[in-house]
1. Once you charge only the Cβ atoms, +1 for Lys and Arg and -1 for Asp and Glu, what is the size of the charge dipole of the chain about its Cα centre, to the nearest 20 debye?
2. On C-alpha positions alone, give me the angle between the axis of helix 186-216 and the longest principal axis of the chain, in degrees, nearest 10.
3. Got a sec? Charge dipole of the stretch 2-216, +1 on Cβ for Lys and Arg, -1 for Asp and Glu; which of V151, P118, P176 is way out at the positive end?
4. Rounding to the nearest 10 and keeping the result within 0 to 90°, find how far the Cα-based axis of helix 17-37 lies from the longest principal axis of the chain.
5. Using only DSSP helix segments of four residues or longer, with each worth -39500 (n - 2.57), what per-residue ellipticity at 222 nm results for the chain after dividing by its residue count and rounding to 500?
6. Using only the alpha-carbon atoms, how far is helix 140-151 inclined from the longest principal axis of the chain? Give it as 0 to 90 degrees, nearest 10.
7. What does the charge add up to near F206, with Lys and Arg as +1, Asp and Glu as -1, over the other residues with Cβ less than 12 Å from its Cβ?
8. Regarding the stretch 2-216, what whole-number volume in Å³ per residue does the convex hull of its Cα atoms give?
Amino acid sequence: MVREVVAEVWRLFRARFWRVLVTVAILLAPLELGVALLDPDSSSLAHGGWWVWVAASASVTVLAYPWVMGALVHDVAMGDRTPVHAYRRTGSKLPDLMASALVTTIGILAGTIALIIPGLFLLARWALVVPLIVLDGDSWRAALSRSNDLVRGRTWSVAGIFVLLTVIGFALAVVPAGIGYALGNVLGAWLAALAIDTVLVAFYAFAPFVLHRRFTD
């Protein structure tokens, strides 16, 4: 299963690259620029500036990323007219997407800090949350429970899919991100963040979509 799912995610990424790029840029480009401008070493953010940067980065992770992934899932499943239309169609799901993102981020992060294996376990068990919310209309609590049930018995295969996609994603983003960081300025940091976002957000949206289609059909 791992090979087939990764191949399908790669096919979707190649076929929809420009669509993904526009979808990611609409929401994340201005937000990532704001985070890049909040340089923790800036004198304007002295005395607690690092915590301001951490709070801004965490907000993007919990608030923006779930909506982008929800829009990508809806777009690939429903064939929305435009990326903006995909955002509009998923706007009503945003509270559930954010709540699920908060719970899963805390759970996976805590599991990873304690020991990597629990973090991978939770990542796999909650892998289908976004498509269950966006496509099936589940609440965030129902999506967490149902995703856990659907993945049970296939946990480590699903975990392997995300590990492999993460490695591939960083390999794809390393050159553009490296060029961006080499510039040594805000523009470079912004471009590097967008390169990483485009690849990994797409992979983490398309993989749950493919798995959802396999496990619920």
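None of the figures in this text is laboratory data; all of them are computed from the coordinates on show. Note that the structure is predicted; figures quoted are calculated from it, not measured. Virtual Cβ from ideal backbone geometry, glycine too; neighbours counted across all protein chains shown.
1. Working: 16 positive and 13 negative charges, 124 e Å.
In debye, rounded to 20, the chain gives about 600.
2. Taking the Cα atoms of the chain, the angle to 186-216 is about 10 degrees.
3. It is V151, whose Cα lies furthest towards the positive end.
4. Helix 17-37 sits roughly 40 degrees off the main axis of the chain.
5. Theoretical 222 nm ellipticity from helices: -27000 deg cm²/dmol.
6. Tilt relative to the chain: about 60 degrees.
7. +3
8. Roughly 124 Å³ of hull volume per residue.
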